């Protein structure tokens with residue numbers, strides 16, 4: 001899925017882009033914040049904040065049910081948000097289901113499609129590099145159904161092995177392959193089109209966790225070959241509280257509803273109901289309207305920059321960070337060594353310094369990194385570490401900020417004599 | 001001079017006292033700190049209701065490991081009911097600094113496992129944000145997970 005072109009350049013300077021993000025002005029202890037925790041959540045441009053503010057100030061009403069002008073405006077803005085997000089990932093708007101986050105998107109599939117199609121003795125195949133959001137729902141399903149959860153191994157370079165995938169599929173019981181598009185710990189960009197092709201040939205469906213991929217690279221859900229694609233608004237410069245499940249339309253139409261309630265019905269009889277069309281069938285209750293508007297503004301913002309250019313900029317910053325961090329004594333970088341094969345993050349361990357101490361000492365320099373298991377405990381066990389430190393980049397990060405990180409890491413090493 | 005990572009703490013982190021196993025023990029307990037994955041276990045030998053000897057074992061951040069080392073000698077000789085009274089103030093006095101909400105569980109994990117071994121409790125020592133949470137503490141702690 002690597003579609004970066006060498007020429008892709010941002011239409012504006014990074015300095016101008018940074019000026020769109022008010023929070024980047026924050027200082028701690030007289031030092032400008034260096035925000036390198038984008039894989040956890042990204043900062044929001046003023047256009048997103050203003051879209052939400054304007055929605056509440058000018059257009060607030062409930063959607064899908066009233067005849068008045070404000071309701072029409074709210075509906076127009078909310079459905080416009082859906083269309084913009086759909087456009088960002090090459091999907092028709094009616095295949096885009098709004099949920100709370102990527103976790104809920106995956107759980108939706110677990111409670112609907114998977115409950116009907118995964119039975120006793122069947123296999124759900126995931127990988128060792130999954131986020132807990134793509135592990136725990138399948139553990140629960142397998143417990144309920146008497147199915148088996150199997151893990152594709154991660155090799156020493158942080159990659160999945162397609163030959164192992166073929167072996168597992170050949171055993172004949174795999175009903176679903178659920179893997180991440182881009183790893184939130186290793187940064188690995190998985191060969192999702194190849195995975196989909198092989199899974200489909202073996203009669204299995206494919207769910208991709210795109211929470212990390214959508215914010216940082218061009219994604220076309222059709223090119224991934226997946227049947228379901230889950231992602232979230234807040235990592236793609238949008239608000240929290242809104243996520244997306246994309247699904248192939250014929251699958252969404254066949255699936256039973258998820259939550260029952262208002263908005264998801266066609267007609268309610270005393271003893272049973274019929275369902276609204278997709279995607280409304282999966283969206284019970286008043287939705288996160290302002291968040292839908294906000295995530296649409298985020299999609300607009302990314303489209304205006306161009307996802308090829310976003311990817312290229314982040315690849316450059318990541319390559320620089322890989323080079324500088326790997327050059328430090330006693331540092332182990334996890335995941336692929338080549339920035340072309342990885343997303344915009346670097347996870348690492350420093351000998352003699354626990355990642356939590358490292359993050360605290362970076363914080364003294366106003367450098368925000370993540371330390372912990374990154375909601376990927378099986379992967380931590382596979383890597384043989386209790387936790388890692390992680391610096392993750394967005395379109396507004398610069399190589400100068402990487403220098404600030406390296407300075408902070410060197411200070412931490414001095415404190416610990418490491 | 002860094003208040004948290006001063007030589008006293010770093011020395012206990014790098015050269016922990018009373019770490020290892022006790023072949024003959026009357027009580028033991030182990031737990032983890034879900035925030036950063038610190039692991040800590042303890043073996044305790046009693047004489048009557050007094051701690052005669054103890055050994056910690058585990059891995060994790062400097063604060064969790066150093067605190068175990070620092071409090072280990074102080075715990076020897078204490079009775080079970082004395083241990084039951086210990087809370088975050090004891091830890092703060094021993095390590096000489098009040099821990100921030102994000103590091104409090106790192107510092108309290110060793111006391112938690114000792115209380116777990118002797119009292120059979122799985123609760124965090126009193127004074128942790130879990131018990132009487134300040135909204136800001138909860139927000140910060142949740143953010144860490």
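The values are calculated or read from the model by the stated rules, or taken from the named source; none is laboratory data. Here the structure is a predicted model, which means the values were calculated and not measured. Note: ideal-geometry Cβ built from the backbone for every residue, glycine included; neighbour counts use all protein chains shown.
Specify which of the listed residues (A:51, A:71) is in a helix (DSSP H, G or I), modelled with pLDDT under 95 and over 30 Å from residue A:406 (Cα atoms). Give the derivation first.
Details: A:51 fails: modelled with pLDDT under 95.
So the residue among A:51, A:71 that is in a helix (DSSP H, G or I), modelled with pLDDT under 95 and over 30 Å from residue A:406 (Cα atoms) is A:71.
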Being over 27 Å from residue A:349 (Cβ atoms) and touching a strand residue (DSSP E or B) at 6+ places or on another chain (Cβ under 8 Å) is true for just one of B:24, B:65, B:85, B:59. Which residue is that?
B:24
Scope region A:54-68; condition loosely packed, with under 13 Cβ neighbours inside 10 Å and assigned to a helix (DSSP H, G or I); matching residues
A:56, A:57, A:58
How about region A:208-288: which helices (runs of 4 or more DSSP H) wholly inside it have at least 2 residues that are at negative phi and without any contact (Cβ under 8 Å) to a residue 60 or more places away in the chain?
A:249-254
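Looking only at strands (runs of 3 or more DSSP E) that fall completely inside region A:74-165, which ones have 2 or more residues that are farther than 30 Å from residue A:61 by Cα?
Working: elements: A:96-99, A:123-127, A:148-152.
Passing ranges, in order: A:123-127, A:148-152.
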Residues that are at pLDDT 65 or above and away from chain A (no Cβ under 14 Å): list the helices (runs of 4 or more DSSP H) wholly contained in region B:77-145 that include at least 3 such residues.
B:80-85, B:88-95, B:104-119
From the options A:154, A:123, residue that is within 15 Å of residue A:206 (Cα to Cα) and either over 22 Å from the mean Cα position of the chain (by Cα) or touching a residue at least 60 places away in the same chain (Cβ under 8 Å) (or both):
A:123
What are the residues in region B:1-34 that are without any contact (Cβ under 8 Å) to a residue 40 or more places away in the chain and either away from chain A (no Cβ under 14 Å) or touching a helix residue (DSSP H, G or I) at 6+ places or on another chain (Cβ under 7 Å) (or both), if any?
B:2, B:20, B:21, B:22, B:23, B:24, B:25, B:26
Residue in region A:215-222 that is within 22 Å of residue A:255 (Cβ to Cβ) and within 23 Å of the chain's Cα centre (by Cα) present
yes
Within region A:179-191, does at least one residue satisfy the condition of being surrounded by fewer than 24 Cβ atoms within 10 Å (Cβ to Cβ) and modelled with pLDDT under 95?
no
Unique residue being surrounded by 14 or more Cβ atoms within 10 Å (Cβ to Cβ), within 14 Å of chain A (Cβ to nearest Cβ) and free of Cβ contacts under 8 Å to residues at least 24 places away in the same chain when the list is B:60, B:37
B:37
Residue A:5 - would you say it is under 26 Å from the mean Cα position of the chain (by Cα) and at pLDDT below 95?
yes
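Yes or no, residue by residue, for (1) under 30 Å from residue A:50 (Cα atoms); (2) surrounded by 21 or more Cβ atoms within 10 Å (Cβ to Cβ); (3) in contact with a strand residue (DSSP E or B) (Cβ under 9 Å, 6 or more places away or on another chain):
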site	(1), (2), (3)
A:291	yes, yes, yes
A:306	yes, no, no
A:355	no, yes, yes
A:362	no, yes, yes
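Restricting attention to region A:171-207, report how many residues are assigned to a helix (DSSP H, G or I) and under 17 Å from the mean Cα position of the chain (by Cα). Spell out the reasoning first.
Start the filter on region A:171-207 by keeping residues that are assigned to a helix (DSSP H, G or I), which leaves A:192-201.
Then keep just the ones that are under 17 Å from the mean Cα position of the chain (by Cα); that gives A:192.
Selection size over region A:171-207: 1.
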State whether the residues of region B:41-52 include one that is over 17 Å from residue B:102 (Cα atoms), at pLDDT 95 or above and under 12 Å from the mean Cα position of the chain (by Cα).
yes
